[in-house]
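Visitor: This is the structure I have questions about; it appears just below.
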Amino acid sequence: MIGSDRISDSDFARFCDFVYSRCGITLNDNKRDLVHSRLAKRLRSLGLENYGDYFELLYAGRGNEQEIVNLLDAISTNVTYFFREDKHFNFLAQKVIPALVAEPQVLGKKIRIWSAGCSSGEEPYSLAITFAENMPIEQWDFRILATDLSTNVLEHARNGVYDRERMRNVSASLLKKYFTAGRDGRRYRVDAKLTALIKFTRLNLMLDFPFKGRFDCIFCRNVMIYFDRSTQADLVRKFSFFLKPGGCLMIGHSESLTNIKHDLLYIQPSLYRKKS
């Protein structure tokens, strides 16, 4: 019976191997207590006695896919807020958007942005606000793709309701323009004109990307820190392929492409551009 004892070395290793094989996430020993706590909740909800029974369920075949989703939701950590690492949004406003607008405009010109690892939606909504504030997006075919592995955070993102703490970097003028306050004054709903610009969908970054088009900008911030170097390299290679010439890749401030072979141009820390 699952109790207060820590997960055994063998069960933890088996679990880590499974998670890595499914989504490329590397779990170190400092995650052992978190894994035990969250797996114990899954076992109790399923009425299972031990980790062996749970592993049998995970490896049972296609019928177990929903439990794999539940598992990955359980171990995901999602802490974010609007305009986190604001230098990226400043770079968009000052460099990327003016360059896009300056290009010879063709009727219906497409601008595509991808928030890869969008978590609970603060990042793609921040992107939508940044573009809406700095260009006449109604004159363009503008869309944001927002993807994440976790179905729970995607549901939160689609709902578009946030507490005030998550919005500490949103100015009073933007708050008034793009959000509606709840009755308690502590939560806010994103305006429909922003949600209309964003498509939220589940995507495992370890799998082949099901896209036909390419992107003007890809945000993948504070995601690759969970992957080993080999997985990071594969991911950067795929991101590069799906960027338009001149397109930008933005990663987290604590992440780096050092020692990763790639064909992107270094702009400044955490900012890269594909050759035109």
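The values are calculated or read from the model by the stated rules, or taken from the named source; none is laboratory data. As the structure is a prediction and not an experimental result, all values here were calculated from the model. Because the Cβ atoms are built from the backbone with ideal geometry, glycine has one as well, and the counts that use them run over all protein chains shown.
Visitor: So, of the residues in region 124-153 that are touching a Gly at 6+ places or on another chain (Cβ under 8 Å) and at pLDDT 95 or above, which turns out to be surrounded by the most Cβ atoms within 10 Å (Cβ to Cβ)?
Guide: TYR125
Visitor: Let me ask something additional. Can you tell me how many residues within region 28-47 are among the polar types (S, T, N, Q) and either touching a Cys at 6+ places or on another chain (Cβ under 8 Å) or under 16 Å from LEU58 (Cβ atoms) (or both)?
Guide: 1
Visitor: Are any of the residues in region 103-110 over 19 Å from the mean Cα position of the chain (by Cα), over 22 Å from ARG187 (Cα atoms) and either modelled with pLDDT of 95 or more or not in a loop (DSSP other than H, G, I, E, B) (or both)?
Guide: Yes, because at least one residue in region 103-110 is over 19 Å from the mean Cα position of the chain (by Cα), over 22 Å from ARG187 (Cα atoms) and either modelled with pLDDT of 95 or more or not in a loop (DSSP other than H, G, I, E, B) (or both).
Visitor: How many residues does region 187-203 contain that are charged (D, E, K, R) and in contact with a strand residue (DSSP E or B) (Cβ under 6 Å, 6 or more places away or on another chain)? Before the answer, list the steps.
Guide: At the first step, the residues of region 187-203 found to be charged (D, E, K, R) are 187, 189, 191, 193, 199, 202.
Those left that are additionally in contact with a strand residue (DSSP E or B) (Cβ under 6 Å, 6 or more places away or on another chain): 187, 189, 199.
So the count comes out to 3.
Visitor: Then there's this: Just one of the numbered conditions (1) surrounded by 16 or more Cβ atoms within 10 Å (Cβ to Cβ); (2) at pLDDT 95 or above is not true of VAL223; which one?
Guide: (2)
Visitor: Among the numbered criteria (1) within 18 Å of the chain's Cα centre (by Cα); (2) farther than 18 Å from GLY121 by Cβ; (3) among the polar types (S, T, N, Q), which one does THR195 miss?
Guide: (2)
Visitor: Moving to a separate point now. Out of the residues in region 38-66 that are more than 18 Å from PHE12 (Cα to Cα) and modelled with pLDDT under 85, which is surrounded by the most Cβ atoms within 10 Å (Cβ to Cβ)?
Guide: Looking at the filtered set, the residue picked out is ASN64.
Visitor: Of the residues ASP208, ASP216, ASP228, which single one is surrounded by fewer than 17 Cβ atoms within 10 Å (Cβ to Cβ) and touching a residue at least 60 places away in the same chain (Cβ under 8 Å)?
Guide: So the residue among ASP208, ASP216, ASP228 that is surrounded by fewer than 17 Cβ atoms within 10 Å (Cβ to Cβ) and touching a residue at least 60 places away in the same chain (Cβ under 8 Å) is ASP228.
Visitor: Also, I was wondering about something else. Inspect all residues belonging to region 141-158 and state whether any of them is farther than 20 Å from PHE83 by Cα and either outside the structural domain of THR201 (by TED's automatic domain parsing) or hydroxyl-bearing (Ser, Thr, Tyr) (or both).
Guide: yes
Visitor: Then there is this: Residues in region 32-51 that are touching a residue at least 40 places away in the same chain (Cβ under 8 Å) and in a helix (DSSP H, G or I): how many?
Guide: Summing the residues that are touching a residue at least 40 places away in the same chain (Cβ under 8 Å) and in a helix (DSSP H, G or I) in region 32-51 gives 5.
Visitor: Moving to a separate point now. In region 232-257, how many are part of a helix (DSSP H, G or I) and under 16 Å from the mean Cα position of the chain (by Cα)?
Guide: 5
Visitor: Of all the residues that make up region 113-142, how many are touching a strand residue (DSSP E or B) at 6+ places or on another chain (Cβ under 6 Å), of a type in the set (D, E, K, R) and over 17 Å from HIS88 (Cβ atoms)?
Guide: 1
Visitor: Surrounded by 18 or more Cβ atoms within 10 Å (Cβ to Cβ), over 20 Å from ASP208 (Cβ atoms) and not acidic (Asp, Glu): does that describe GLY247?
Guide: The answer is no for GLY247.
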